[in-house]
Amino acid sequence: MIIKKSYKINYKTLNNFIIFLVISFLFSTIVKLTKVYTKTVTYKINLTEIADDKIVTNQSADSISLTVSSFGFDFIKHYLSNQSINIPSRNSIDNSKSFILTNSNTYTNIVDLIKPEFNLISINFDSLFFNYDRLKSKKIPIVLNSNISFSQGYDFFKSYKLSKDSVIVVGPELILNSINSINTYDLELTDLKLSLTESVKLNLLEANNLKYSDKTVDVFIDVEKSTEAILNIPVSIVNIPKDIKINYYPKNIKVSFTTSLENYQIYSFKDFEITCDFNQFHEGGKLKPTIIKKPNFIKNLSLTNENVQYVILK
C-alpha cells in the first residue's frame, strides 16, 4: 500500500521572503538614487526678451547638451519632464542679422538655471545662431476670386463691393516684400435674383510669424433686373491722309448691350463712339470698327457689323 505525503505551503515563510526581496530592492534603489553620477543631459534652448521689432526666423539648433553631475534621482526627474533653458537676448551677441550665443556669454545663465539639481561640468557647443528679421507692416490689396451666375433676366452692372479693399499684414520684411496681393477663397453662387452680402475667407499665407488684421471680407453683390438694348451709332474714320478721299459703308452700326431695367432709357447714341483707323486697313477695302467710348454700367456689348467697307474716290 502506497501512502501519499501531503505538502503544505508555509505562508509565513513565503511572506517573509517577499518582504525581504522588497526591502532589498528598495535599499538597492535608494543606494543608486543617492549615488553621484556624471552624465550628458539635453535641454531645449529658447531665446527670450526679444525686441518687439525683431522676430527669430530660424536657429542653428533646437537643443543643447550639457555634461553635469548630480544624484541619480535628479537625473530621473530630468528624464521625466521636458526641460528647457531660457536665455535673454541681451546676453547674446547681436550682429544685426542674428543673435549669437557662446559658451562664455551663456555659462553663468546656464549654471544658475540648472541649479540646484545639477552641477555644470561642461557646455557641449561652441556657438548657437538665432537668425532674425525685422518686423514690418504692409497694406496688401485683396483680390476677389468668384464664380457667380444669375437667373435669367437678372445680372449685376456695378463692381462687387468689398467691406475692405486691403489687409494690414505684420511680419518679417523679407516675407512681406514677396506678397503683392491676398486672394479670397472662391465665392461660388448660382441663380442669383436678389442682392446679398456674403462673407468669404481670405486665402492667407500659412506662416507662424505673420499676423493679419482680418481673415475674412464681406462681399456685397447688387443684383438688378436686366434687359437688352439696341442703338444705332454713327461710325467715323480717323487718320485718313489729306490727299485721299474715301467713301465708306455703313455710316452707322447697330450695337446691342445688356443694361439694368432701371437704366434702360437713359442711354443714347451720344454715349457711344465707334471709329475705324485708316492706318490699320485690311485687304479688300475693309476697316475694323472699334468702340472707343461707352457707358460704364453696361455688359455684353457687341456690334452687328464686324467690318466697314470703303472705296477710294479719284
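Please treat every number below as a calculation from the coordinates, not as lab data. These figures come from a predicted structure and were not determined experimentally. Here Cβ is always computed from backbone atoms with ideal geometry, including for glycine, and neighbour counts include all displayed protein chains.
Take each uninterrupted DSSP H stretch in the chain, measure its Cα extent along the helix axis, and return the ones at 24 Å or beyond whose mean Kyte-Doolittle hydropathy is at least 1.0.
Sorted by number, the helices that extend far enough and score high enough are 11-33.
Could you pull out every one of the aspartates and glutamates with an alpha carbon less than 15 Å from that of Lys115, ignoring same-chain neighbours closer than 8 positions?
Asp74
Any idea how far apart Glu117 and Arg90 come out in nm if each label point goes 7 Å out from Cα toward Cβ?
Going by the 7 Å Cα→Cβ label model, 2.6 nm.
For the chain, which semi-axes, largest first and in whole Å, follow from the square roots of 5 times the eigenvalues of its Cα gyration tensor?
Three semi-axes, in Å: 85, 32, 18.
Given the pairs Lys54/Lys161; Lys242/Lys286; Lys161/Lys215, which are separated by over 27 angstrom at their Cα positions?
Lys54/Lys161
For segment 157-314, what is the convex hull (Cα atoms) projected area averaged across all directions, in square nanometres?
14.9 nm²
P(r) tail for segment 37-116, what percent of Cα pairs lie past 22 Å?
So the portion of pairs separated by more than 22 Å is 30 percent.
Mind pulling the per residue volume of the convex hull built on the Cα atoms of segment 228-313? Å³ is fine.
Looking at segment 228-313, the number lands at 88 Å³ per residue.
What number does segment 178-232 give for Rg over Rh if you use C-alpha atoms and the Kirkwood radius?
Ratio of gyration radius to Kirkwood radius: 1.19.
How big is the charge dipole of the chain about its Cα centre, in debye rounded to the nearest 20, if each Lys and Arg gets +1 on its Cβ and each Asp and Glu gets -1 on its Cβ?
So the dipole magnitude of the chain works out to roughly 1160 debye.
For His78, His282, what ranking results if the residue with the fewest other Cβ atoms within 10 Å of its Cβ goes first?
Least crowded to most crowded, the residues run His282, His78.
Using a Gaussian network model of the chain whose springs link C-alpha atoms within less than 10 Å, name the residue from Val56, Val255, Val200 with the highest mean-square fluctuation.
It is Val255.
With springs only between Cα atoms under 10 Å, which of Glu224, Glu206, Glu198 fluctuates most in a Gaussian network model of the chain?
Largest GNM mean-square fluctuation: Glu206.
Listed here are the pairs Lys201/Lys299; Lys251/Lys299; Lys138/Lys164; Lys193/Lys299; which of them are more than 21 Å apart at the Cα?
Check vs 21 Å cut-off fails for Lys201/Lys299; Lys251/Lys299.
Please give the length that would be gained between Tyr160 and Asn183 if that part of the chain were fully extended, namely 0.36 nm times their separation in residues minus their C-alpha to C-alpha distance (nm, one decimal).
Full extension from Tyr160 to Asn183 adds 6.8 nm.
Using a Gaussian network model of the chain whose springs link C-alpha atoms within less than 10 Å, name the residue from Asp94, Asp191, Asp243 with the highest mean-square fluctuation.
In the Gaussian network model the winner is Asp243.
Please list, in order along segment 294-311, the HN-Hα scalar couplings obtained from phi with the Karplus expression 6.51 cos²θ - 1.76 cosθ + 1.60 (θ = phi - 60°), rounded to whole Hz, x for Gly and Pro.
Here the 3J(HN,Hα) series is 7, x, 6, 9, 10, 9, 6, 6, 8, 9, 6, 10, 8, 9, 10, 7, 9, 9 Hz.
Go ahead and run the numbers for FRET between Leu205 and Leu313, Cβ-Cβ distance against an R0 of 51 Å, rounding to 0.05.
0.20
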